[in-house]
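The values are calculated or read from the model by the stated rules, or taken from the named source; none is laboratory data. Everything quoted here is computed from the prediction, not taken from an experiment. Note that we place each Cβ from the backbone using ideal geometry, even for glycine, and neighbour counts take in every protein chain shown.
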Amino acid sequence: MKIVKFGGSSLADATCFQKVKNIIESDPSRKIVVVSAIGKRKKDDNKITDLLYLCHAHLQYGVSTENILSMIEERYRCIKDDLHLSIDLHHEFEIIRQNMMKENIDYLVSRGEYLCAKMMSEYLGYQFIDAKDVILFDYNGKINIEKTKEAFHKFMPLHTGIVVPGFYGSINHQRIKIMARGGSDITGSILADLFDATVYENWSDVSGILAADPKIVHEPKRIESITYNELRELSYMGANVLHDEAVFPVREKNIPINIRNTFEPDNPGTMILNDCSELDKKHPPHTITGIAGKKDFTSITIYKKGISNESGIALKAFQILEKYKISIENMPCGIDSFSLIVSSSKIADCLYEMLSDIKEILQPDSIRISDSLSLIAVVGRGMVKNTGISGKIFGELGAHQINIQTISQGADELNIIVGVHNDDFEKTIQVIYEKFIRRIS
């Protein structure tokens, strides 16, 4: 059995619905379908979920929501009419209008997925199952897997396919509870875990995960297979194709996640696995799987003689950052120094107070502040078997007059993170890609 999730871009209009139906009907194992709310038809269009959030904002300030709701209703009505569906949208929107004032915000913004799933289930001839009845949260906001499994049990065995709206569930079958934006990815992952799926197919408008940002690198190659650990490293640095939390429910069972393109259904996309060793036997991985990065960090370097022998000094530094609710992105260390690399935007309002605490508590010999720093992660499970890859990367950057400000490498040799000036961000990614990915592809 396959779990298939379709994102908003795959559900933007009636033509997209037809493409989705063709994909599902081409493989009888695609029995469980998760859908997002309908998305943008073009670049300057609106996502339904954004419009629903806007409705809530209007409610908060006592402004009429009728124009926005009518716009949303028209989007669904166009799909209904084009596909000749029988769903009573007038009745559905009357219920929304009646409940939107007395229900919480989660109820309102979840209606995009709810209505899309109702329409898709009719179009496919599948059974509609409201996520409110099966995706169950505890009062602490965490999904209760055991209760969710029990709730789904009454629908087994499946005599037909089912369609489940993504993004939300409920507390005690009553109060709607939404997930973070992109939460439909999580819904699909949970169902893949519960039903022991052979694969979780995540369909959107991209043909898998690319080895670099196409805005920076011209036509970067598609990554054929990637481990969950590699994906986490790239996602943390901005390569966002899949919601981070969608990995955890399927990871332990090594259920593959297959990133596919609704508009190129014959493209195999990218396969994400906990363990790619079997695939690697047939197709050995490239030394570098992918490159990702982010701009605008600040490095706070603390110098103090004998700092490496001073017990607890790192803990004290962490506690200072915790006081200001600042997370550390990276921490390169030397014999008499260490650097705290943090997001520039997060420390903009508290930098001087934080430096004052550092001077008072850590009593450093000196402190150096460097801003306009970019962090670039070079990730690859093949690096551990390639002797001297770090030196080769540094040598290539040096040959292109790129100054490396910070360097760190994980103990598992899965990633190398280099810090460069913001002005060298794009050039650094391009140089690494051209030398270590494009030329050996």
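Here are some notes:
- Whenever a residue of the stretch 310-321 is surrounded by 12 or more Cβ atoms within 10 Å (Cβ to Cβ) and outside any loop (DSSP other than H, G, I, E, B), its partners that are modelled with pLDDT under 95 and of a type in the set (S, T, N, Q), lying with C-beta atoms within less than 9 angstrom and at least six residues away or across chains, give the pairs L321/S327.
- Pair list, Cβ < 6 Å and 6+ apart or interchain, from the stretch 89-101 residues that are farther than 14 Å from I72 by Cα and among the aliphatic types (A, V, I, L, M) to residues that are surrounded by 10 or more Cβ atoms within 10 Å (Cβ to Cβ) and at pLDDT 90 or above: M100/L108
- Residue selected from the stretch 232-276 under the condition part of a helix (DSSP H, G or I) and of a type outside the set (D, E, K, R), by the criterion modelled with the lowest pLDDT: A246
- With a requirement of 3 or more residues that are buried (at least 19 other Cβ atoms within 10 Å of the Cβ), the strands (runs of 3 or more DSSP E) lying completely within the stretch 341-421 that satisfy it span 366-379, 415-421.
- The stretch 293-309 - residue that is touching a Phe, Trp or Tyr at 6+ places or on another chain (Cβ under 8 Å) and modelled with pLDDT of 90 or more and, of those, nearest to S339 (Cα to Cα): T301
- From the options E245, E230, E224, residue that is of a type outside the set (S, T, N, Q), farther than 20 Å from G183 by Cα, out of contact with any Gly (no Cβ under 6 Å at 6 or more places or on another chain) and surrounded by fewer than 20 Cβ atoms within 10 Å (Cβ to Cβ): E224
- Only one of the listed residues (K385, K359) is out of contact with any helix residue (DSSP H, G or I) (no Cβ under 6 Å at 6 or more places or on another chain) and farther than 25 Å from L234 by Cβ. That residue is K359.
- Any chance T301 is in contact (Cβ under 8 Å) with a residue 24 or more places away in the chain and buried (at least 21 other Cβ atoms within 10 Å of the Cβ): no
- Taking every residue in the stretch 2-13 that is in contact (Cβ under 8 Å) with a residue 24 or more places away in the chain and among the hydrophobic types (A, V, I, L, M, F, W, C) and pairing it with any residue that is surrounded by 23 or more Cβ atoms within 10 Å (Cβ to Cβ) and part of a loop (DSSP other than H, G, I, E, B), at least 6 positions away or on another chain, the pairs with Cβ-Cβ distances below 8 Å are I3/A197; F6/S36; L11/S36; L11/A37; L11/I38; L11/G39; A12/I38; A12/G39.
- Residues in the stretch 159-178 that are buried (at least 24 other Cβ atoms within 10 Å of the Cβ) and under 12 Å from G141 (Cα atoms): Y168, G169.
- Filter result for E434 (at positive phi, surrounded by fewer than 17 Cβ atoms within 10 Å (Cβ to Cβ) and under 31 Å from the mean Cα position of the chain (by Cα)): no
- Complete set of residues in the stretch 195-222 that are over 16 Å from the mean Cα position of the chain (by Cα) and within 14 Å of I257 (Cβ to Cβ): A197, T198, V199
- For the stretch 248-265, the criterion of being touching a Cys at 6+ places or on another chain (Cβ under 6 Å) and farther than 30 Å from K427 by Cβ is satisfied by no residue at all.
- Among residues of the stretch 405-430, those that are more than 23 Å from P284 (Cβ to Cβ) and touching a helix residue (DSSP H, G or I) at 6+ places or on another chain (Cβ under 6 Å), counted: 1
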